[in-house]
Amino acid sequence: MLKTLRGGLLAAALLVNPILNAWAAEPIKIGLGMALTGGLAPNGKAALLAMQIWEEQVNAKGGLLGRPVKLIYYDDQSNPATVPGIYTKLLDVDKADIIISGYATNMVAPAIPIAMQHNMMFLGLLGLAANSEFHYPNFFSIAPTGGDKPKQAFSKGFFEVAKQQNPRPQTLAIIGADAEFPRNAIEGVRELAKEAGFKIVYDKTYPPSTADFTPIVRAIQAANPDMIFVASYPPDSVGMIRAAHEIGLKTKLFGGGMVGLQATAIKTQLGPLLNGIVDYDFWLPVGPYATPAALDFLKTYQAKAASAGVDALGFYLPPFAYADMQVLQQAIEGTHSLDQQKLADYMRSHSFRTVAGDITFGPDGEWTESRVMEVQFQHVKPNDLEQFKDPKTEVVLYPPSLKNGEIIYPYSNANQ
């Protein structure tokens, strides 16, 4: 009996020993800024929860390299001006082993120079062509606006849908904030409009502090465009849509680059005001996206969402935030190292399996292929969260492989 008892204790010790060793070791510090307040906070908080789920799961299995992982994060307040200071502190004071970006182009871009100065491998989360000015070889983007022309990839679906309509729209209005993301998006829009032969009849930006969009929408309506492409962050998207309904906007296609309409709280808030809008999306539980791994992650996320006060469904950003950490984990495990150059070299030469699909990085750290969808909101009812669990209210129009319905055209018809 004594021998049996000793054998059982030894076996138990061997089982728990890796976890005990991991917790006895110095943690691997992963530093980031994240929008926890301000206009980007609804998405930023959801992204952070996804990362914390990964942190919890990895530590439950013994960590990485025999060490626990620890997220160190600060609120960037949805303000690009805070970003350089945050990343300088993470590296110089907190001594982070790894740095990753917060959410959105406006926050990714100002962090890249800090990563460059410290020769750090750097993962960016949903930044649109954020590395196009720096060409930093150790930057890698977790965003489906891939291919050799990421700025165009973001809006390609909008124009592909437009070209299929009868009568074909001819004129285009472009509007966006004077900030990093809208500038990159609008550059791609102009290029695609020129290629397709659409005439631009309105092309302006507005200050990021703009609160009243009624005068802007009236000016756009005066130009009488067939299409209106809006490159906006969540507060602006809501303001633009409310102004459009206030003046009774008449156009054939409206939307394109409205960030925020993917967030469950904003969908529920706007309700029927969304009907007819054609906008981009990155992830919905449709077709090949709805893998068992993705749905299992979402089940875990949704169980925690209410108590965390974040997006209830988590379709938009959480899969990519979790994928961000999966890529990092696979690179660390593949190299058995935290050496920044080894990690970057590994990322350039390997593919990664994630809940957001398989990822391979190309020039400027962008995905080798684009996976941007174009959807139209249809038959949305007021104050009903349940309708968004089944994406029948968001009909996929592009790409053809995911198309699951027909457009209601023109825009004004969807609001009748």
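The values are calculated or read from the model by the stated rules, or taken from the named source; none is laboratory data. Being a predicted model, the structure only gives us computed values, none of them experimental. Note: ideal-geometry Cβ built from the backbone for every residue, glycine included; neighbour counts use all protein chains shown. Just so you know, the surface numbers come from the protein's heavy atoms only, side chains and all, with ligands and any DNA or RNA stripped out. Shrake-Rupley method; radii C 1.70, N 1.55, O 1.52, S 1.80 Å.
Spatial offset of the range 209-286 relative to the range 94-132 amounts to 29 Å, using the alpha carbon center of each. Look at the alpha carbon pairs under 8 Å that are at least 6 residues apart: their mean separation over the length of the range 175-215 gives a relative contact order of 57 percent.
Computed from the Cβ-Cβ distance with R0 of 35 Å, the FRET efficiency linking ILE247 to ASN383 stands at 0.90.
The simple spin-label model puts a point 7 Å past each Cα toward its Cβ; for MET116 and ALA196 those points are separated by 3.3 nm.
Figure note: SER370, SER101 ranked by solvent-accessible area, largest first, 1.4 Å probe, ligands and nucleic acids not counted: SER370, SER101.
If only the Cβ of Lys and Arg carry +1 and only the Cβ of Asp and Glu carry -1, the dipole of the range 263-416 around its Cα centre is close to 320 debye.
For the pair LEU65 and GLN302, what calculated FRET efficiency results from E = 1/(1 + (r/R0)^6), where r is the Cβ-Cβ distance and R0 = 41 Å, to the nearest 0.05? For R0 = 41 Å, the calculated efficiency reads 0.85.
Per the Debye formula on identical point scatterers at the alpha carbon atoms of the chain, with no solvent, log10 I(q)/I(0) at q = 0.06 Å⁻¹ is -0.26. Can you tell which of ASP311, ASP178, ASP296 shows the greatest fluctuation in a Gaussian network model of the chain with Cα springs below 10 Å? So, out of ASP311, ASP178, ASP296, the one fluctuating most is ASP296. Net charge of the neighbourhood of GLU246, taken over other residues with C-beta under 11 Å away and scored Lys/Arg +1, Asp/Glu -1, is +1.
Each of ALA185, SER78, GLN269 was scored by the projection of its Cα onto the charge dipole of the chain, and the greatest displacement toward the positive side belongs to GLN269; charges sit on the C-beta of Lys, Arg, Asp and Glu.
From the largest down, the range 271-395 spans 52, 33, 22 angstrom on the principal axes of its Cα atoms. Please identify, among PHE198, PHE139, PHE122, the residue showing maximal mean-square fluctuation in a Gaussian network model of the chain using a 10 angstrom Cα cutoff. In the Gaussian network model the winner is PHE198.
What a 1.4 Å probe finds exposed on the range 258-416 is 53% carbon and sulfur by accessible area, rounded to a whole percent.
Looking at the range 216-363, the DSSP beta bridges with both ends there are about 35 percent antiparallel. The amide H of LYS252, built 1.01 Å from its N in the peptide plane, has MET227, TYR411 as neighbours under 5 Å, considering only residues 5 or more places off or on other chains.
The antiparallel fraction among DSSP beta bridges confined to the range 25-105 stands at about 10%. Between ASP390, ASP324, ASP97, the GNM of the chain built on Cα springs shorter than 10 angstrom shows ASP390 fluctuating the most. Simple rule: put +1 on each Lys or Arg Cβ and -1 on each Asp or Glu Cβ in the chain, find the dipole, and look at ILE99, ILE114, PHE320; the Cα lying farthest toward the positive end is PHE320.
With θ taken as phi - 60° and the Karplus curve 6.51 cos²θ - 1.76 cosθ + 1.60 applied, the whole-hertz 3J(HN,Hα) list for the range 333-338 is 5, x, 9, 6, 7, 10 Hz, x standing for glycine and proline. When its C-alpha radius of gyration is set against 2.2 N^0.38 Å (N residues), the range 336-416 gives a value of 1.66.
Applied to the range 53-62, the Karplus parametrisation 6.51 cos²θ - 1.76 cosθ + 1.60 on θ = phi - 60° returns per-residue 3J(HN,Hα) values of 4, 4, 4, 5, 5, 5, 5, 5, 9, x Hz, with x for Gly and Pro.
For the range 63-110, the convex hull drawn through the C-alpha positions has a volume of 80 cubic angstrom per residue.
Going toward the positive end of the dipole of the chain, with +1 on Lys and Arg Cβ and -1 on Asp and Glu Cβ, which of PRO391, GLY309, HIS245 do you reach last? The listed residue farthest towards the positive side: PRO391.
What fraction of the Cα pairs in the range 165-280, stated in percent, has a spacing above 19 angstrom? For the range 165-280, the share of Cα pairs beyond 19 Å comes to 41 percent.
For LEU295 and ASN224, what is the calculated FRET efficiency with R₀ set at 51 Å and r taken between the beta-carbons, to the nearest 0.05?
For LEU295 and ASN224, the calculated efficiency is 0.70.
Remark: relative contact order (the chain) = 17 percent; criterion is Cα-Cα distance under 8 angstrom and separation of 6 or more residues. Rounded to the nearest 20, the size of the Cβ-charge dipole of the range 192-345 about its Cα centre is 540 debye, with Lys and Arg at +1 and Asp and Glu at -1. This model, with +1 at the C-beta of Lys and Arg and -1 at the C-beta of Asp and Glu, gives the chain a dipole about its Cα centre of some 540 debye.
Shape summary: the range 161-205 maps onto an equivalent ellipsoid whose semi-axes, from the alpha-carbon gyration tensor, are 21, 10, 9 Å in decreasing order.
For the set TYR346, TYR136, solvent exposure ranked by accessible area (probe 1.4 Å, protein chains only) runs largest to smallest as TYR346, TYR136. For the range 237-246, backbone phi angles converted through the Karplus equation (6.51, -1.76, 1.60; θ = phi - 60°) give residue-by-residue couplings of 4, 4, x, 5, 5, 5, 5, 4, 6, 5 Hz, Gly and Pro being listed as x.
Calculate how many DSSP beta bridges within the chain are antiparallel, expressed in % of all such bridges and rounded to the nearest 5.
In the chain, approximately 30 percent of DSSP beta bridges are antiparallel ones.
Estimated purely from DSSP H runs of n ≥ 4, each contributing -39500 (n - 2.57), the mean residue ellipticity at 222 nm for the chain is -13000 deg cm²/dmol once divided by its residues.
In the calculated pair-distance distribution of the range 300-345, the portion above 18 angstrom amounts to 46 percent of the Cα-Cα pairs.
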